[in-house]
Amino acid sequence: TAPTTVPVDQGTPAPDDGTGNQGPVALFRLLSNLGLAVVFGGLLLITLAWPEGPEYLLTIRFMRLSWAFAVVASGLYAGALEAQQAGTPLMSSLMPTAWADLLESGSGKAAVLRVVLIAASGYAAANPVRAIDPNVRLQALLPPTLAVATVAFSREEFGIIEYVAGIGHALSMAAWLGGLVLLSRVVLAGPGESDLVEAVKGFSRIATPALWGTVITGAVLLFRLDRGALLTSHGLVLVLKTLVVALMVFVGVAIRQYAQQHLARAREMKATMASRLRRAIGIEAGLGVLVLLLTSWLLSLTPPALGTGGGPNLDLRPGHSFTD
């Protein structure tokens, strides 16, 4: 049968395919991931290494502002993702009542769940002492932990290995980066008593396994998604991210060694030491933000293992071929 030509109404504009919203999606994803990391990592540091933190007014104010930032950024990310998936203008998709299309995809459901979970994290962020109270510690730490885990569900084509590695990658990175930000902005804001020294030492016990977790899970994702095809756009960005992570690990190890040497017998945090550590940790945190930026860029690209149709999932459905 000869093909039929269908006339096109030249006066009707084509629907928006959502490509114009890729920039806002990447930007708001970056800000949301940063806010989630600061809330989760800050609460984790207070729980494991700095129980005196909630006694400082600066800590409470910082955690509340970080939580508010994470809520707003996550809401903007969900709205931008709705605009991209539905092909609607961004401004008309920012209200939660317009997020119906998000519930039709896995990444959309994860974005909505992220907003709900980070909003629930206000229970601990508003009063960080709840993170160290044994009676309510689970209720305080579970919402931010699950909120960070939603970062791994930003793609539809992932398999179980990718999701597990992605969750581990997100939690490790958030524990490391969030702790760094709290250290640089609150703990090392000035001189203080011995609890500040113990907080810096305690973060070293958190940062080492967090960095190893970030590197190992990142290597798993590298193998599963690129399969050695590193000359593609996704592969090149991933190589750049790997180099930044390697530099980040080098800087982090050097800072931790310096802190252990100079704080081993210290009984208080002097102003000079606080200033030096704050500058060094600020550089390390800046590298972490750069890693988040590259991660957001990677999520806008298609990995070779997924783009070729030979993704990580095993498709065991029967194949059918039709000839017209």
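A few notes on this one:
- The charge dipole of the chain, taken about its Cα centre with unit charges on the Cβ of Lys, Arg, Asp and Glu (plus for the first two, minus for the last two), comes to roughly 1400 debye.
- Kirkwood's formula applied to the C-alpha pairs of segment 122-224 gives a hydrodynamic radius of 15.3 angstrom.
- Solvent-accessible surface (1.4 angstrom probe) belonging to F153, in square angstrom, nearest 10: 80
- Available extension along the chain between S105 and R137 is 8.3 nm, counting 0.36 nm per residue and deducting the alpha carbon span.
- Other residues within the sphere of radius under 14 Å centred on the Cβ of W212, judged by their own Cβ, net out at +2 (K and R +1, D and E -1).
- Compared with the direct C-alpha span, the chain from L243 to S92 gains 50.4 nm at full extension, assuming 0.36 nm per residue.
- Between V136, V197, A165, the Cα set farthest toward the positive side of the dipole of segment 69-215 (charges on each charged residue's Cβ, about the Cα centre) is that of V197.
- Within the accessible area of segment 143-263 (1.4 Å probe), percent carbon and sulfur: 72
- Efficiency of FRET from Cβ geometry, A119 and Q22, R₀ 25 Å, rounded to 0.05: 0.45
- Within a straight-line Cα-Cα reach of under 23 Å, K201 can be paired with the following lysines, leaving aside sequence neighbours fewer than 8 residues apart in one chain: K270.
- Heavy-atom accessible area order for T47, T323, largest first, 1.4 Å probe: T323, T47
- Debye equation applied to the C-alpha atoms of the chain, log10 I(q)/I(0) at 0.07, 0.10, 0.11, 0.12 Å⁻¹: -0.33, -0.63, -0.74, -0.86
- Residues of segment 201-307: accessible area per residue with a 1.4 Å probe, Å²: 53
- Charged-residue dipole, Cβ positions (Lys, Arg, Asp, Glu), segment 133-203 about Cα centre, Debye nearest 20: 60
- Since only A120, L263, A80 are under comparison, the one whose Cα sits farthest along the positive direction of the charge dipole of the chain, derived from C-beta charges on Lys, Arg, Asp and Glu, is L263.
The values are calculated or read from the model by the stated rules, or taken from the named source; none is laboratory data. The shown structure was predicted, so the numbers you read here are calculated from the model rather than taken from an experiment. Neighbour counts run over all protein chains shown; Cβ positions are idealised from the backbone, glycine included. Accessible surface areas use protein heavy atoms only, side chains included; no ligands, DNA or RNA. Shrake-Rupley method; radii C 1.70, N 1.55, O 1.52, S 1.80 Å.
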